[in-house]
Structures are given as C-alpha cells and as structure tokens.
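Q: Structure incoming, see below.
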Amino acid sequence: MLLNRRSDRPILADVFPNCLAAMRGDAGEFGLPAVRGCVVVVVDGLGAQQLLARSGHARTLMRAWGDRQQLMSFPSTTVAGITSITTGQLAGGHGMVAYSVWDREYELVRNQIAGWDHAGMLSTVWQLAPTLFEGAGVDAAVVSVAEYRQSGLTHASLRGAEYFAGESMLERSKLAASIAAQRE
C-alpha cells in the first residue's frame, strides 16, 4: 500500500518553497512572515524508534508527532527526505528514493548515499530535478561535515549552494549563525 499525501498537511517538499516565498515577501502555504533570509536545520535519523527512546529530550517533536503536526516525506529515507527539501519535489519527481535502488542498466543494486563512485552512478542522471538553490536567485549556503563535501548525495541534492564544513554540532551551529549574519 502506498501513502497518499493529504492536501491539508505540509510535507518536507514544502519547506524551501515556503522559505523562498517568505524571503520574496510573498504569502506561501505556511503563512510565514516576510524575512531577509532564513536558516533551515535538518536533523537526519529521527525515526520513530529514536524519538520514542529519547522522548523526554524531544518533547516538542513528540507533541507535534502526537498532534500529527510533523512534516514527513515518503519514502522516509535520508536521500528522499533531503532531496525533497532541497528540490521542493516529491521523491517520484526527483528520483532519489531509497538507500538502495535497482539499476536496470547495470543490473546491480545502487547505494544512493555512498555508492556514487561506481560506473554510471552520476548525480545529474539519478537526481532528476533542479535544486531550489540552482534557480532561486538566493545566496544559499549549506553547513555540514567535511566528509560529505564531495559526496554524490551532496552533488545530487545540494548543488547550487556554497558548502561550508564544521566538524562538531557546536562548530556547525556557530558557522551557520556567522554565515547568516554576514549575508543579512
């Protein structure tokens, strides 16, 4: 059974289009106020088991989950979720659907997180949609760890944004704040 999107509920693919609308001073579906810039924080790996195991440390997320206010993607994988956020497209539109996918041409299973250095695994072939960084006319920056800078997933889902690396969560937070302040 496949899930169908409820039209009255936001999904991950709605995040950046609404941020861009707010930066243009337009009213998006989220009703965000006009802003000069925005910072979107993506926390990967917050599945049901992880949230339930640490529910006391994630009270706001648990409350949103209970009220069915959380944003979701389907399929609920790192590659689908991140690429849905950065393209504003559902997984079927951008082509990044799972950790592992079957490649008919080469008759092998591809890893969409780490399998990009194999023959034929090109980010421009597998990720079908332009990112919102590429055509939005905004000065976009991504802050993550250095080891992901040259990854295929980064090239597929974050192309068009300037990449900055920080190793610890604190370092990345300070770097994001500094970049946001400089670009204000």
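The values are calculated or read from the model by the stated rules, or taken from the named source; none is laboratory data. Given the structure is predicted, the values throughout are model-derived calculations rather than measurements. Here Cβ is always computed from backbone atoms with ideal geometry, including for glycine, and neighbour counts include all displayed protein chains. Side chains included, ligands, DNA and RNA excluded: accessible areas come from the protein's heavy atoms. Shrake-Rupley method; radii C 1.70, N 1.55, O 1.52, S 1.80 Å.
Q: Working only within the stretch 121-172, note down all residues that are free of Cβ contacts under 8 Å to residues at least 40 places away in the same chain and acidic (D, E).
A: The answer is E134, E147, E162, E167, E171.
Q: Considering every residue within the stretch 132-143, establish whether at least one is on the phi < 0 side of the Ramachandran plot, of a type outside the set (D, E), surrounded by fewer than 16 Cβ atoms within 10 Å (Cβ to Cβ) and assigned to a loop (DSSP other than H, G, I, E, B). First the steps, then the outcome.
A: Taking the stretch 132-143 as the starting set, the residues that turn out to be on the phi < 0 side of the Ramachandran plot are 132-136, 138-143.
Next cut, of a type outside the set (D, E) only: 132-133, 135-136, 138, 140-143.
Filter once more, so that each one left must be surrounded by fewer than 16 Cβ atoms within 10 Å (Cβ to Cβ): 135.
If we keep only those that are assigned to a loop (DSSP other than H, G, I, E, B) too, we end up with none.
For the stretch 132-143, residues on the phi < 0 side of the Ramachandran plot, of a type outside the set (D, E), surrounded by fewer than 16 Cβ atoms within 10 Å (Cβ to Cβ) and assigned to a loop (DSSP other than H, G, I, E, B): absent.
Q: Part of a loop (DSSP other than H, G, I, E, B) and among the aliphatic types (A, V, I, L, M): which single residue out of V43, V15 fits that description?
A: Among V43, V15, only V43 is part of a loop (DSSP other than H, G, I, E, B) and among the aliphatic types (A, V, I, L, M).
Yes/no matrix, rows are residues, columns are (1) within 26 Å of F30 (Cβ to Cβ); (2) in contact with a Pro (Cβ under 9 Å, 6 or more places away or on another chain):
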{"site": "A80", "(1), (2)": "yes, no"}
{"site": "T87", "(1), (2)": "yes, yes"}
{"site": "S100", "(1), (2)": "no, no"}
{"site": "T124", "(1), (2)": "no, no"}
{"site": "V143", "(1), (2)": "yes, no"}
{"site": "G152", "(1), (2)": "no, no"}
{"site": "G166", "(1), (2)": "no, no"}
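Q: At pLDDT below 85 and of a type in the set (A, V, I, L, M): is that true of L2 in this structure?
A: yes
Q: What are the residues in the stretch 132-145 that are touching a Phe, Trp or Tyr at 6+ places or on another chain (Cβ under 9 Å) and either at pLDDT 80 or above or under 17 Å from V79 (Cβ atoms) (or both), if any?
A: Of everything in the stretch 132-145, those that are touching a Phe, Trp or Tyr at 6+ places or on another chain (Cβ under 9 Å) and either at pLDDT 80 or above or under 17 Å from V79 (Cβ atoms) (or both) turn out to be L132, F133, A140, A141, V142, V143, S144.
Listed here are the residues, each with its yes/no results for (1) closer than 24 Å to S157 by Cβ; (2) open to solvent by 30 Å² or more (accessible area, probe 1.4 Å); (3) touching a Ser or Thr at 6+ places or on another chain (Cβ under 8 Å); (4) modelled with pLDDT of 85 or more.
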| position | (1), (2), (3), (4) |
| --- | --- |
| P17 | yes, yes, no, yes |
| F30 | yes, yes, no, yes |
| C38 | yes, yes, no, yes |
| Q49 | no, yes, no, no |
| R63 | no, yes, no, no |
| D67 | no, yes, no, no |
| T83 | yes, no, yes, yes |
| M96 | yes, no, yes, yes |
| W102 | yes, yes, no, yes |
